[in-house]
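Worksheet: one structure, shown below.
Bear in mind these aren't lab numbers, they're just calculated from the coordinates by the rules spelled out. Remember, it's a predicted structure, so these values are computed and weren't measured experimentally. Cβ coordinates were reconstructed from backbone atoms using ideal geometry, including for glycine residues, and neighbour counts include every protein chain displayed.
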Amino acid sequence: MWSILRNHPGYHALWLAALLLVGGCGPIQLVDTRAGSDPTVDPSLRAVRLDTSGCGFASGRIGSGVAVGDELILTVAHLVARADDIEITLTSGDVVNAHVTAIDLEKDLALLLVPSTGLDDVSLASARIGTAGFIEGGAASGTVPFTVRAAVSLSIEEILGSDRFTRLGYELDARTTTGDSGAGVFNTEDRLIGLVFATGKDGAATWATASTEIARFLTRATSDRSQIRAIACDPALSRLEGL
């Protein structure tokens, strides 16, 4: 997991970059988040573990993801950028291969295509200070309770460059660690309010990308399926011997 650049000690930069679509996928129906929308899936069943191999930051990493539809896993872009192989471990214990179908490196979001999970589309919701719930199924920390400390606008450096981009998110009172990036943040009504992408060095705070950013990403990812360019694996950037 990456830490975020703050104006006080204990935090460092998370990298981001521009939207890249690297394949096609079927349409996602974003679930209505108004009071009438009733989630039908226990959030713990949506939690998955990711194991990646490849170049740069994708070399031999573990992380987390959340099933947002029958064949779709949402995770953080910094976990899968330049990954050659992505393995997903489902809550059933089954291990399946995945590939990136859309990636937005400005917002640090990626959408993976996997064999059918049988899960319905996720229900999204916004949050406010004091909203509580659980970070579900982090690969390192498991299920962790949280409370929203603040809604924030974050300016963060890109993954594959030096430009800075802004994203909407939440600062959470929750203890997470490396490996929990990509875990889903659910309120007590089982609606997804965000996706974990960073933690403080002391583990006392966690940051999540807000559901508003997730909704925009999913809409763009499924409405524009043209291939822009792949994120190639450069052996010179590998952190694993022999790659």
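Some notes on this structure:
- Each label point was placed 7 Å from the Cα along the Cα-to-Cβ direction; for Asp70 and Asp94 their separation is 1.4 nm.
- Database remark: amide H of His99 closer than 5 angstrom to the amide H of Leu113 (H placed geometrically; neighbours at sequence offset of 5 or more, or on other chains; Pro and chain starts carry no H).
- With each label modelled as a point 7 angstrom along the Cα→C-beta vector, the Lys201-Ala150 pair spans 1.9 nm.
- Across segment 74-227, Cα pairs under 8 Å and at least six residues apart give a relative contact order of 21 percent.
- Within segment 94-212, the percentage of alpha carbon pairs spaced more than 24 angstrom apart rounds to 27%.
- With an a/c value of 1.5 or above and a/b not larger than b/c for the gyration tensor axes a ≥ b ≥ c computed over the alpha-carbon atoms, segment 131-190 is described as oblate.
- Distance between modelled label sites at Thr166 and Ile129, nm, 7 Å Cα→Cβ extension: 2.0
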